[in-house]
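Here's the structure we're looking at; comments come further down.
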Amino acid sequence: MESSKDLGDEELVTLCQQGQGHYFDVLVRRYMEKAFHIAYDFTRNKETAKDLSQDAFLRAYANIKRFDGRSSFYTWFYRIVVNLCLDHARRSGRVFWESLDKTPEEPGGQRQLVDTQHQPDQEAIAGEASRRANATLESMPNKQRTAFLLRNQEGLPIADIAKVMKTTEGTVRVYLHRAVATLRQSLVEFV
Amino acid sequence: MENRIKPLEDACKNYEEDLVLYHYAEIGASERAAIEQHLAQCLRCRNFVEDLGRVLPQMAPKPELPQAFWDNYFRETVAKLDDQAARQNWWQRWLAPMNSWLVPTFGTVAIAVFAIALMLQKGDFNVTSETASAQIPAEVLVDSNQLEFFKSMEILESLSTLEEQDSAKPERKTSYIENGPVQVVA
């Protein structure tokens, strides 16, 4: 018998739409890390990222009957996550910054740009580069930032980013290029 | 220490966008071949691609979180989903008996409100109150000067009555003819 973990996204969604809501737990397990990381990319704050990504699951579940299958579940769901993050940034008026230099609360946590084997001065340079990069990302137009984060951080193909952002692939390419050019300029000293 | 601070070279302008896509492996096979051919000849573009490869993967690193975090995350999310479903069910239960008549009732009330609003707008029910002065015709309105005028009119009427009474007696009338008053005896 096929385990629920082996079911595809669309099958799980169909089961949820038929009233078997517990199948949504499989989707949570499957996408929780991605959702959290997208929210973390936008907010740079662990608690906020957790709240926003969990909220995205709640909204997805509440609206599961509206999902018509024209796009894949994950592009539909990522769109919810991104919208919540952008809305949060708009409401808070800033993007939270969680210092990379802060000691991680969790064992094994490594938030350095470079690994800890590097020399202290190299770490300082990396830390400064990271801070500047994040400051540049914060000030970037939302669409450029979204395209960059989804491609660079989450590794989404441009075709999927276009679906998440409901735009064309050509437009995403332009956003991505502009974002990279801006970031590269801001990191001119660290390259 | 390695010299990490150096001036940044730009790529060839007409290749820059494609080089970004090349870095992300988002380019077709034929375009890829053309770019690689260009890269073989252009040091600036090679440096550009090298810079992207060094900097972009290090951007905004993700926190590495332990399994305990994810277990807790999953439990919390499922609990929130259950809670949301329970709340949704409560509303559904509450609204269920009303489902049969809620929509028709709401529709009827909406139509009634619309009809009343329409009638009021057409003026069938003129609820706007005019001031007392606006309802009185202008000619009826008199000011204090006009009142004085009417009083003097009364006096004149009285005078003519008196004159009529005295009409039987000889009367002296004064006529003004060119060089002064001339007394005329009637």
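The values are calculated or read from the model by the stated rules, or taken from the named source; none is laboratory data. Model, not experiment: these values are computed from the prediction. In this analysis, Cβ positions are derived from the backbone assuming ideal geometry, glycine residues included, and neighbour counts consider all displayed protein chains.
Quick look at the numbers
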{"quantity": "Residue count for region B:57-73, restricted to those that are within 7 Å of another protein chain (Cβ to nearest Cβ), farther than 14 Å from A:Arg184 by Cα and part of a helix (DSSP H, G or I)", "calculated": "3"}
{"quantity": "Residue list for region B:21-59, filter: farther than 16 Å from A:Phe148 by Cα and in contact (Cβ under 8 Å) with a residue 24 or more places away in the chain", "calculated": "B:His38, B:Cys42, B:Arg44, B:Cys45, B:Asn47, B:Phe48, B:Val49, B:Asp51"}
{"quantity": "Evaluation of A:Phe42 against (1) assigned to a helix (DSSP H, G or I); (2) farther than 25 Å from A:Ala135 by Cβ; (3) modelled with pLDDT under 95 (one fails), failing number", "calculated": "(2)"}
{"quantity": "Considering residues of region A:139-191 that are at the interface with another protein chain (Cβ under 8 Å from one of its Cβ atoms) and not in a helix (DSSP H, G or I) only, the residue farthest from B:Ala60 (Cα to Cα)", "calculated": "A:Pro157"}
{"quantity": "Scan of region A:15-50 for residues that are more than 10 Å from every other protein chain (Cβ to nearest Cβ) and free of Cβ contacts under 8 Å to residues at least 40 places away in the same chain, ordered by number", "calculated": "A:Leu15, A:Gln18, A:Gly19, A:Gln20, A:Tyr23, A:Val26, A:Arg30, A:Glu47"}
{"quantity": "When residues of region B:70-111 are limited to those that are of a type in the set (Lys, Arg) and surrounded by fewer than 11 Cβ atoms within 10 Å (Cβ to Cβ), the one modelled with the lowest pLDDT", "calculated": "B:Arg93"}
{"quantity": "Residue check, B:Arg54 more than 12 Å from chain A (Cβ to nearest Cβ), charged (D, E, K, R) and over 50 Å from the mean Cα position of the chain (by Cα)", "calculated": "no"}
